[in-house]
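The values are calculated or read from the model by the stated rules, or taken from the named source; none is laboratory data. Please read these numbers as outputs of a predicted model, since none were measured by experiment. Here Cβ is always computed from backbone atoms with ideal geometry, including for glycine, and neighbour counts include all displayed protein chains.
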Amino acid sequence: MLKEDRRLQILERIMREHNYQRSALLEILHAAHELYGYFDKSLLAYIAERLNLPPSHVYGVASFYHLFKFRKPGEHIISACMGTACYVKGVEEIIAAIEREFDVKRGGSTPDGRLSLFVTRCIGACAMAPNITVDDEVIGRATKEVVLERVRRFLEG
């Protein structure tokens, strides 16, 4: 069972506002993800139970959307856009440099939990490709040098 905390109370209020309707699943998942930062099995099971849905259905909906995370992210989050424009403009080279420099694999976190690296689909800023997001700050026309320096500053500060 989930630890009773303020986030759970907020989530419960949101589900109540939606009258625990199954049709509100996606909105409730968005709210839960915003509150917790990721989904673990107990959170998805709780939502399934409260909405009277099979856990497999809740997991299926949650796993369909790329923006939802299923592991606790690191303290700092890097997201690399893999849309066509970013891919063509060399985002893969930037991702590889991040992986080497900080010993982190895409989809994972560093052992100390300070940094996570995620790959996302198009973020809608194709004119600025390649795009890397570091702690919600978009770096357009990114180069590996600029991104590595920005990440180093985040980790130092």
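Each row is one residue, and each column tells you yes or no for (1) in contact with a strand residue (DSSP E or B) (Cβ under 6 Å, 6 or more places away or on another chain); (2) loosely packed, with under 12 Cβ neighbours inside 10 Å; (3) β-branched (Val, Ile, Thr); (4) more than 17 Å from PHE70 (Cα to Cα).
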{"position": "LEU8", "(1), (2), (3), (4)": "no, no, no, yes"}
{"position": "LEU11", "(1), (2), (3), (4)": "no, no, no, yes"}
{"position": "ARG16", "(1), (2), (3), (4)": "no, yes, no, yes"}
{"position": "ASN19", "(1), (2), (3), (4)": "no, yes, no, yes"}
{"position": "ARG22", "(1), (2), (3), (4)": "no, no, no, yes"}
{"position": "LEU29", "(1), (2), (3), (4)": "no, no, no, no"}
{"position": "TYR36", "(1), (2), (3), (4)": "no, no, no, no"}
{"position": "ASP40", "(1), (2), (3), (4)": "no, no, no, no"}
inquiry  = Being touching a residue at least 40 places away in the same chain (Cβ under 8 Å) and assigned to a helix (DSSP H, G or I) is the requirement here; does LEU11 meet it?
reply    = no
ask   = Can you tell me which residues in region 116-157 are in a loop (DSSP other than H, G, I, E, B), exposed (fewer than 15 other Cβ atoms within 10 Å of the Cβ) and either of a type in the set (Lys, Arg) or touching a strand residue (DSSP E or B) at 6+ places or on another chain (Cβ under 6 Å) (or both)?
value = ARG121, ASP135, ARG141
ask   = Only one of (1) in contact (Cβ under 8 Å) with a residue 12 or more places away in the chain; (2) part of a loop (DSSP other than H, G, I, E, B); (3) not β-branched (Val, Ile, Thr) fails for ASN19. Which number is that?
value = (1)
note = Filtering region 90-106 for residues that are part of a loop (DSSP other than H, G, I, E, B) and in contact with a helix residue (DSSP H, G or I) (Cβ under 9 Å, 6 or more places away or on another chain) leaves a count of 4
query = Given LEU53, LEU43, which one is over 18 Å from ASP136 (Cβ atoms) and in a loop (DSSP other than H, G, I, E, B)?
reply = LEU53
note = Given the conditions (1) crowded, with 17+ Cβ neighbours inside 10 Å; (2) touching a helix residue (DSSP H, G or I) at 6+ places or on another chain (Cβ under 9 Å); (3) touching a residue at least 24 places away in the same chain (Cβ under 8 Å), every one holds for SER109 apart from (2)
ask   = Only one of these conditions is not met by SER109: (1) at pLDDT below 95; (2) assigned by TED's automatic domain parsing to the domain that holds GLU12. Which number is it?
value = (2)
